[in-house]
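Colleague: Please find one structure pasted underneath; my questions will follow.
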């Protein structure tokens, strides 16, 4: 009987400690890999020291802290963003990706974490009216596989020459070199990444702001593989938390003089 009692005690002890360590592990920080582009200032870019910087990056870090997740970053070219997510190269995309119906066929999204319009940019001395008549025969530069590129192709490709680029920076360089007459992209990206730089000093916005939901979606969200609802909801709760505790506003004010979250 003594041996049976001792064996039972040992089993119970091992079971207790096993449950303890499983419980501790359940509350440990989850490691999440974040995919981003690193070529879309001021939202995400690589600085001179080779480090990822920008609004997307700081928001991602704040969200991971709020959700008690340990996050690492993986850089990926823009047009391979969703395929790499589906191939499990990373677990979420935080790279200024618009929430659109087309993309929702392939991935799930969190609620938005910011929203900004798109606009045209032209040389200050260029007499270009932003209308179908005024844009006839002009050449516009866009970053490929973006909502801005979709909008231009759907609405103006029949009257304009559309040149697509791997990054927005490449398009910016081509308007300076005279290869394109206009740029079309997110207004904040054009403002801080081009117009406020030395190469962009002779350029300006032209025409209205564009926010049509058919092309520009519901705002910028975090893309997650379909079915991974726990991760999506963890990010959703974290977005609410950093909005409420002031963390979002501190990051916002570091980059912008207006609330980039939108209405």
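Colleague: From the list 176, 188, which one is crowded, with 20+ Cβ neighbours inside 10 Å and out of contact with any strand residue (DSSP E or B) (no Cβ under 6 Å at 6 or more places or on another chain)?
Modeller: From the options 176, 188, the qualifying one is 188.
Colleague: Being under 19 Å from residue 227 (Cβ atoms) and not in a strand (DSSP E or B) is the requirement here; does residue 89 meet it?
Modeller: So residue 89 fits the description; yes.
Colleague: Let me ask something else. (1) in the same structural domain as residue 53 (by TED's automatic domain parsing); (2) in contact (Cβ under 8 Å) with a residue 12 or more places away in the chain; (3) not in a loop (DSSP other than H, G, I, E, B): which one isn't true of residue 227, the others all being true?
Modeller: Of everything listed in (1) in the same structural domain as residue 53 (by TED's automatic domain parsing); (2) in contact (Cβ under 8 Å) with a residue 12 or more places away in the chain; (3) not in a loop (DSSP other than H, G, I, E, B), residue 227 misses just condition (3).
Colleague: Evaluate the stretch 235-249: report whether one residue or more is surrounded by 19 or more Cβ atoms within 10 Å (Cβ to Cβ), in contact with a strand residue (DSSP E or B) (Cβ under 7 Å, 6 or more places away or on another chain) and not assigned by TED's automatic domain parsing to the domain that holds residue 131.
Modeller: Within the stretch 235-249 (the criterion being surrounded by 19 or more Cβ atoms within 10 Å (Cβ to Cβ), in contact with a strand residue (DSSP E or B) (Cβ under 7 Å, 6 or more places away or on another chain) and not assigned by TED's automatic domain parsing to the domain that holds residue 131), the answer is yes, since at least one residue qualifies.
Colleague: Kindly list the number of the only condition in (1) within 19 Å of residue 110 (Cα to Cα); (2) in contact (Cβ under 8 Å) with a residue 40 or more places away in the chain; (3) under 15 Å from the mean Cα position of the chain (by Cα) that fails for residue 57.
Modeller: (2)
Colleague: If you check residue 185 against the conditions, is it closer than 29 Å to residue 34 by Cβ, part of a loop (DSSP other than H, G, I, E, B), touching a helix residue (DSSP H, G or I) at 6+ places or on another chain (Cβ under 7 Å) and assigned by TED's automatic domain parsing to the domain that holds residue 123?
Modeller: It is false that residue 185 is closer than 29 Å to residue 34 by Cβ, part of a loop (DSSP other than H, G, I, E, B), touching a helix residue (DSSP H, G or I) at 6+ places or on another chain (Cβ under 7 Å) and assigned by TED's automatic domain parsing to the domain that holds residue 123.
Colleague: Scan the stretch 143-182 residue by residue and report those that are more than 24 Å from the chain's Cα centre (by Cα) and assigned to a strand (DSSP E or B).
Modeller: 161
Colleague: Could I ask something else about it? With respect to the numbered conditions (1) within 19 Å of residue 235 (Cα to Cα); (2) at pLDDT below 95; (3) assigned to a helix (DSSP H, G or I), which one is the sole condition not fulfilled by residue 21?
Modeller: (1)
Colleague: For the stretch 191-211, give me each residue that is assigned to a loop (DSSP other than H, G, I, E, B) and out of contact with any strand residue (DSSP E or B) (no Cβ under 9 Å at 6 or more places or on another chain).
Modeller: Matches in the stretch 191-211: 196, 197, 198, 199, 201.
Colleague: Which residue is farthest from the chain's Cα centre (by Cα), if the candidates are limited to the stretch 119-142 and must be assigned to a strand (DSSP E or B) and under 13 Å from residue 156 (Cβ atoms)?
Modeller: If we take residues in the stretch 119-142 being assigned to a strand (DSSP E or B) and under 13 Å from residue 156 (Cβ atoms), then 139 is farthest from the chain's Cα centre (by Cα).
Matching residues to (1) surrounded by 15 or more Cβ atoms within 10 Å (Cβ to Cβ); (2) in contact (Cβ under 8 Å) with a residue 12 or more places away in the chain:
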position	(1), (2)
69	yes, yes
72	no, yes
80	no, no
99	yes, yes
107	yes, yes
114	yes, yes
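The values are calculated or read from the model by the stated rules, or taken from the named source; none is laboratory data. Worth saying up front: this structure is predicted, and the values here are computed from it rather than measured. Heads up, the Cβs are rebuilt from the backbone with ideal geometry, glycines too, and the neighbour counts pull from every protein chain shown.
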